[in-house]
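Colleague: Got a structure for you, questions after.
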Amino acid sequence: QVQLVESGGGLVQPGGSLRLSCAASGSIFSINSMGWYRQAPGNQRELVAAINSAGSTNYADSVKGRFTISRDNAKITVYLQMNSLKPEDTAVYYCNFNVQTRRWVPSYDYWGQGTQVTVSS
């Protein structure tokens, strides 16, 4: 099994910054992608940013130029640097790893527990 532990959420004023972290542990053979999703009350969960095994990234249009996803392979950790935060960024943020736990088996999605980000004055 794979466990993901998130940290870094909190309350921040508009225009402020936060950095989220998500560390993985457990049985990991390979990681196809890492990503961050968010879900605001009454909304569906949406992709915020993702990075694949080759290092290519993609972002939701609403966060381009403000958020940056990065990873530390040695620590099996993905980060989300969030700058110029807006009230509409308020949501629960979830990390996601697509992991192959052993050779020759399918990969699966694993999720963090979620961390609340609130942007308010």
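The values are calculated or read from the model by the stated rules, or taken from the named source; none is laboratory data. Note that this is a predicted model, so its numbers are computed, not measured. In this analysis, Cβ positions are derived from the backbone assuming ideal geometry, glycine residues included, and neighbour counts consider all displayed protein chains. With ligands, DNA and RNA removed, areas are computed over all heavy atoms of the protein, side chains included. Shrake-Rupley method; radii C 1.70, N 1.55, O 1.52, S 1.80 Å.
Colleague: What's the local net charge at Tyr94, with K and R +1, D and E -1, over the other residues with C-beta under 12 Å away?
Modeller: Once all neighbours under 12 Å are counted, the net charge is -1.
Colleague: For the chain, set up a GNM with springs between Cα atoms under 10 Å and report which of Gly42, Gly15, Gly55 has the largest fluctuation.
Modeller: Among Gly42, Gly15, Gly55, the largest GNM mean-square fluctuation belongs to Gly42.
Colleague: Sticking with this one: Which residue, Ala40, Ala54, Ala23, tops the fluctuation ranking in a GNM of the chain built on C-alpha contacts under 10 Å?
Modeller: Ranking Ala40, Ala54, Ala23 by mean-square fluctuation puts Ala54 first.
Colleague: Next question. Please calculate how many Å² of accessible area the chain carries per residue, with a 1.4 Å probe and no DNA, RNA or ligand atoms counted.
Modeller: Dividing the accessible area of the chain by its residue count gives 53 Å².
Colleague: What spacing in nm lies between the two simple spin-label points modelled at Phe29 and Gln113, each 7 Å away from Cα in the Cβ direction?
Modeller: So the label points at Phe29 and Gln113 sit 2.9 nm apart.
Colleague: Mind checking which of Leu80, Leu20, Leu11 has the largest fluctuation in a GNM of the chain, springs on alpha carbons under 10 Å?
Modeller: Maximum among the listed residues: Leu11.
Colleague: Here is a further query. Evaluate the distance, in nm, between pseudo-label points positioned 7 Å from the Cα of Arg102 and of Ser17 along their respective Cα→Cβ axes.
Modeller: 4.4 nm
Colleague: Over the chain, what percent of the accessible surface lies on carbon and sulfur atoms, probe 1.4 Å? Numbers along the way, then the final one.
Modeller: Values: 3000 of 6450 Å².
Result for the chain: 47 percent of the exposed heavy-atom area is carbon or sulfur.
Colleague: Mind putting a number on the dipole of the chain about its Cα centre? Charges go on the C-beta only, +1 for Lys and Arg and -1 for Asp and Glu, and I need it in Debye to the nearest 20.
Modeller: The dipole of the chain has a size of about 240 debye.
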